[in-house]
Every structure is written in structure tokens, then in C-alpha cells.
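Presented below is the structure to which this report refers.
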Amino acid sequence: MKPVERNPRAPGGFSLVELFITLALMSVMAVMLYGFGSASHQRSQKKLCSDNLQKVYLAMQIYANDFGGRLPQMTNAATSEPVLDELVPRYTADTAIFICPGGRDSQIPSGEPLARHKISYAYYMGRRLEDAPAAFLMSDRQMDTRPKFAGDYVFSPTGRSPGNNHHKYGGNFLLGDGSVQDFPALLAVSLPAAPGIVLLNPKP
């Protein structure tokens, strides 16, 4: 009986090149599902961001108790850093709470003046704690400082600057009662505006 000939060129498994291609595809899929710009990653970062904003609110409450209900204000302020700097270090030395975990802003050493650094949050200057609960006190970095209406983008729809603390997945708003609401990038409702209220974005 003639022995069965084996084809020496028939593959018996993955070649090295095929293995590398498979690993590369798996890495790309993992980054898409769980990487910095993924929806699942930013959902968890929004929760941490919400915790930050609520900690800032506690510092604001203590500040307001010392200043008859008034929250930090500064004449001719152009960004949120110098105004919120009034909270550091007397009302909070934890400067990490001013950096959004979902963004790429650098951490600030504990107790360092905010005015010397860049924070992640916008501030509605001119509010008082008695304006609660509907008053907007702070938010993630916004697209710009103009009034926003239903149908406007308040955060980046693409994940590119500006307004992209949470890539393209919207952002958080801190309200006057200390609660935090998650908003999509495109507003379904108008943000209430009031005389004397100035929205200050952080440094670009």
C-alpha cells in the first residue's frame, strides 16, 4: 500500500504573522471598548467627576457661611481658576477635586493656588446658595461661555476640544442644592440664564 503523502506546506496552526495580526486586532477592540475615549470608561469617570463636584460644593457651603450666603466672586475674572482659588486652602486643601478624572488636565499639588494652574470645571459666578435648587453652580468644561438653549451643544460632540472633559459623552452639572446632573453633549432643555451671572470656563 502506497503511504499517504503529506503536504509539507499545509499549515498546522497560526503563523507568527497571523498571531501578531490577531493580537493587534484584539488590542484595538479592547481600546475601543475600555480605553480613555470609550463610553464605558467615561461612564465610570463621570461618577468620579460627580464626586469631585459634590466635594467642591461642600467647600462652597463653608465659604458661603462665612460670607453671608455669597459664593466666590472676582471683578473682571476671565477664567474660573482665580475665582475658585478663594476656596484654597482655607475651605479645602484638596486641589485634586478641581481636576476632572475624565479629562487630561494635570493634577495640582495639594494646597497650591488654583490661579497658577489649569482646572477642569466651569463656574457660574454670581450665584448665592439661596438660589438653590435649580441654580447651576458649576459644570464640566463647556464649548464656550455663551448662553445655551435647547438644541445647542454645551459639550463637545466629537471628543475634540473645547468642552471635552468626557470625550463626546456629555458632562456633569453641579446644582445649587448640591446634586449633580449628567447632561448629553446636545441640550434637550435650555440652561437658565439670570442677570449678573457670568459663566467662566477654565483656562484653555
Could you list all residues from the stretch 131-146 that are over 12 Å from Leu191 (Cβ atoms) and among the basic types (Lys, Arg)?
-> Arg141
Spot the failing condition for Ser156; the list is (1) surrounded by fewer than 21 Cβ atoms within 10 Å (Cβ to Cβ); (2) out of contact with any Phe, Trp or Tyr (no Cβ under 8 Å at 6 or more places or on another chain); (3) over 19 Å from Lys55 (Cα atoms), and only one is missed.
-> (1)
For the stretch 174-190, pairs from a residue that is more than 17 Å from Pro147 (Cβ to Cβ) and part of a strand (DSSP E or B) to a residue that is modelled with pLDDT under 95 and of a type outside the set (A, V, I, L, M, F, W, C), with Cβ under 8 Å and 6 or more apart or across chains, are Leu175/Pro133
Starting from the stretch 114-130, keep only residues that are acidic (Asp, Glu), then list their pairs with residues that are modelled with pLDDT under 95 and part of a loop (DSSP other than H, G, I, E, B) whose Cβ atoms are within a distance under 6 Å, requiring at least 6 positions of separation or different chains.
-> Glu130/Gly69
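Please tell me if Ser80 is polar (S, T, N, Q) and touching a residue at least 60 places away in the same chain (Cβ under 8 Å).
Numbers: polar (S, T, N, Q): yes; touching a residue at least 60 places away in the same chain (Cβ under 8 Å): yes.
The answer is yes for Ser80.
The values are calculated or read from the model by the stated rules, or taken from the named source; none is laboratory data. What you see is a predicted model, and the numbers here were worked out from it, not measured in a lab. Because the Cβ atoms are built from the backbone with ideal geometry, glycine has one as well, and the counts that use them run over all protein chains shown.
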